[in-house]
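Just so you know, all these numbers are worked out from the coordinates, no wet-lab data involved. Small disclaimer: the values here were computed from a predicted structure and weren't measured. Cβ coordinates were reconstructed from backbone atoms using ideal geometry, including for glycine residues, and neighbour counts include every protein chain displayed.
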Amino acid sequence: MGSESSIGGLTVSRKCWALGLILLPLLVIAEDQFEYLLECGTVADGPFQTAPAVMLIGGAEANAAAEVPATSWFVNQGGGGNYLVVRTGGVGSQAWWMCGQFADQIASAAELSIDSRAAADKPEVAALINQADMIFIAGGDQSRYVELWRDTLASDAINLHMQSAPIAGTSAGMAILGSSYYAPAELGMLSSEILDDPFHPFSEVIGHDDFLHHPRLQGVIADTHLDRTHGPGDEFRYGRMFAMLARTTDSHPDRARNKAIGLEEGAFIAVDASGIATVFGNGDGTSTTAYFLVQNQGPPETIESGQPLVWNRGQEAVKVYRIHGAPEGAGSFDLGNWISASGGEWLDWYTDGGLPGFNYTEGFCKTCAGASPPTLPEEIFRDRFEVHD
């Protein structure tokens, strides 16, 4: 059955778990609700040279122009070690895809589905996470991730991993990587709902600083699928991301600057160990775009329940750096100071009142381009990380 290793007293064979004399294609612990599948390779001890990098993915990345080159970048950050997909709802096909594309560049690829708090608090589940050199958090339902994993051994293991090794997240997996996060239990809110009422019932599940803590994403809230239309009015999510930043600013007046990162579908942000972000995408110059939002001046002028959001500040409420992705990577943005940038352009975003007053509703505006950078330097979170062997 191939090479074997031991985890938590269980013997693991390639594509099989061995429990006594019974061989199973994957391990399913029903009462603890987790599944593990070693799709290819052998879990190896290394050592592998890893870096505390992060890759953010806007969703719908399958077969996108940048999927393979961006993933190749990520594999390099993990030193070709053990690749682990973490999700809920049962194991999926991401590890299988990795085996087809990168089998000769990684030691192993596996899937771990953690579907109960009891499972997330089991030492053997934490051990599976601890042996990973690269972690990929799949898309799905971020409210389930928060509900099942927060304050458990699993989240502790993920947080420990991020201090010295790379992590990636797509869609819901990206949404939970910021220190602030949106995790709706029901329907996700529309741009119009939160712009027209910043405390709309669907916005009540914005959490702060109590789940995952990536060093490069402190003070950041993330949003995905920005260019997919939602709801009866076919609304984009640019306004939703802007309004979520307003909510974060309202919740954290103590922060010198609150920040947000948003991605269109098929776009990848690759952040290296020094905090420099590059954007992978299709290279058409108009889509697969990344947005880096930073609070420019004061908080919103009006942010009250039942009232339209007003955040204007002289039409410079939020400074946004926009980079269109390319297959080979494009642009540069420094998450250390949130000012140093190249290969894109600064925009000004604001609203005079709710959705009608927001100046980037359709994903473009005639007057917001050519903006200046943020007015004050930001040195928070500028710590640098060493590459770990």
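List of remarks:
- Rel. contact order, % - alpha carbon contacts under 8 angstrom, at least six apart, the range 24-165: 31 percent
- Share of alpha-carbon pairs per 10 Å distance bin for the range 236-303, given as whole %: 19, 41, 31, 9
- Shape class for the range 178-380: rounded, because the ratio a/c of the largest to smallest gyration tensor axis (alpha-carbon atoms, square roots of eigenvalues) is under 1.5.
- Backbone amide hydrogens, once placed in the peptide plane, bring GLN33 within less than 5 Å of nothing, excluding anything fewer than 5 places away on its chain.
- Mean residue ellipticity at 222 nm, helices only, the chain: -5000 deg cm²/dmol; runs of at least 4 DSSP H residues each add -39,500 (n - 2.57), and the sum is divided by the number of residues.
- Quarter of Cα convex hull surface for the chain, i.e. mean projection, nm²: 18.1 nm²
- GNM result for the chain, Cα springs below 10 Å: residue of SER372, SER192, SER332 fluctuating most strongly: SER372
- Between GLY283 and GLY325, ALA326, the built amide H atoms are under 5 Å apart, and every one of these is 5 or more places off in sequence or on another chain.
- Put simply, when 225-236, 312-323 are sorted by average Cβ atoms within 10 angstrom per residue, most first, you get 312-323, 225-236.
- Measuring nothing but how far apart in sequence close Cα pairs (under 8 Å, 6+ apart) lie, relative to its length, the chain scores a relative contact order of 15 percent.
- Cα centroid of the range 237-262 to Cα centroid of the range 28-83, whole Å: 30 Å
- Straightening the chain between GLU304 and ARG255 buys 15.6 nm, computed as 0.36 nm per residue apart minus the Cα-Cα spacing.
- The range 218-359 - percent relative contact order, Cα under 8 Å, separation 6 or more: 21 percent
- Efficiency of FRET from Cβ geometry, GLU186 and SER372, R₀ 25 Å, rounded to 0.05: 0.05
- Prolate/oblate/rounded call for the range 54-100, Cα gyration tensor, a/c under 1.5 rounded: oblate
- Cα-based shape type of the range 24-165, given that a ≥ b ≥ c are square roots of the gyration tensor eigenvalues and the cut on a/c is 1.5: rounded
- FRET efficiency estimate (nearest 0.05) - Cβ-Cβ, LEU160 to ALA118, R0 30 angstrom: 0.90
- A simple packing score, the average count of other Cβ atoms within 10 Å per residue, orders the peptides 265-272, 145-152, 45-52 as 265-272, 145-152, 45-52, with the highest score first.
- Other-chain or far-sequence residues with amide H under 5 Å of THR351's (modelled H): TRP311, ASN312
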